[in-house]
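The values are calculated or read from the model by the stated rules, or taken from the named source; none is laboratory data. As the structure is a prediction and not an experimental result, all values here were calculated from the model. Here the Cβ positions follow ideal geometry from the backbone for every residue, glycine too, while neighbour counts run over all protein chains shown. For accessibility, only protein heavy atoms count, side chains too; no ligands or nucleic acids. Shrake-Rupley method; radii C 1.70, N 1.55, O 1.52, S 1.80 Å.
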Amino acid sequence: MCPGVSASNVNAIVSCLKASVSDYWSGQLNQVVDQDVIVDPSTSQVPSACRSALTAAPAFTCQVNDTVYINQSFLDLVIHEFGTADIPYALASVVSHEIGHVVQAAVKQPGYDEAGTSDAISQRIEQQADCLSGVWAHSQATKNKGFDTKAFQTVSKQLITDISSNPEVATHGTPDQRAAAILRGLSSGTPQGCQLATFS
C-alpha cells in the first residue's frame, strides 16, 4: 500500500495515505484536494470551535479549516489491536473516511454543514464518508495488486466496532450500517455510487 514504509512507522503511513487519497480525489473533482492531516495534535493546533473533539473523537475533520486530526489515543488503539499487516489498512480506513469529509466540503454536499444538528443528518453524512472511503479503496485495488479489499473491509469493520461507543453509534450509525456503506463504495467504485453532489 505504501511501498518502502515500515508498518511500525504510523506517521509515514499516514503521510503516504494522505497523498494517495488526496491525489485520487483531486483527479475525480478536477480541483486540488490538499488538506493537512495532523497526527497527535496539540490544543493550539485545533481551532477553538473544534477543540472539544480532541477528547470526544478518535479522529475528526474540523469544518473551520477542513483539516484532519488523528489523536494519539487512536493510534495507540490501532497499534495495540492490529497486527503488522493490518495496521496500514486500519490507518487507510480512517484517513480515507476523514478526507471524505473534505471532499464533501469541496462539493458543498447538502447536509454537510448541518452535521451535528440531528443524528439522522449526521449518520447520512458519516456513512457517505464511509462510502467514499470504499470508492478510494476500489481505486487502489484497481491499480495496486497488493491492495487487498477484503482486508480493508475486515479491518475497517473491526476498527469501527472498536470505537463504536453509544455517542458514536448515534452520530455515525452501527458498525453493520457503516460496513455496508464502505461496501457500497467498493462495489460501485464511483462517487455517484455514494450520491456525492456534483458541481453545478
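Scanning region 111-135 for residues that are open to solvent by 30 Å² or more (accessible area, probe 1.4 Å) and aliphatic (A, V, I, L, M), we see that the one that is farthest from the chain's Cα centre (by Cα) is 120. All conditions but one from (1) under 15 Å from the mean Cα position of the chain (by Cα); (2) modelled with pLDDT of 95 or more apply to residue 177; the one that does not is (1). Counting only residues that are farther than 13 Å from residue 33 by Cα and more than 11 Å from the chain's Cα centre (by Cα), region 82-110 holds 11 of them.
Yes/no per residue for (1) of a type in the set (Phe, Trp, Tyr); (2) open to solvent by 30 Å² or more (accessible area, probe 1.4 Å); (3) touching a residue at least 60 places away in the same chain (Cβ under 8 Å); (4) within 15 Å of residue 20 (Cβ to Cβ):
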position: 137; (1), (2), (3), (4): no, no, no, yes
position: 142; (1), (2), (3), (4): no, yes, no, yes
position: 148; (1), (2), (3), (4): no, yes, no, no
position: 151; (1), (2), (3), (4): no, no, yes, no
position: 161; (1), (2), (3), (4): no, yes, no, no
position: 173; (1), (2), (3), (4): no, no, no, no
position: 180; (1), (2), (3), (4): no, yes, no, no
position: 183; (1), (2), (3), (4): no, yes, no, no
position: 186; (1), (2), (3), (4): no, no, no, no
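Looking only at residues of region 188-200 that are in contact (Cβ under 8 Å) with a residue 60 or more places away in the chain and polar (S, T, N, Q), we find that the one that is least open to solvent (accessible area, probe 1.4 Å) is 198.
Of all residues in region 75-110 being over 18 Å from residue 21 (Cβ atoms) and of a type in the set (D, E, K, R), which is most open to solvent (accessible area, probe 1.4 Å)?
Restricting to residues being over 18 Å from residue 21 (Cβ atoms) and of a type in the set (D, E, K, R), the top hit is 108.
Just one of (1) among the polar types (S, T, N, Q); (2) within 21 Å of residue 163 (Cβ to Cβ); (3) open to solvent by 20 Å² or more (accessible area, probe 1.4 Å) fails for residue 9. It is (2).
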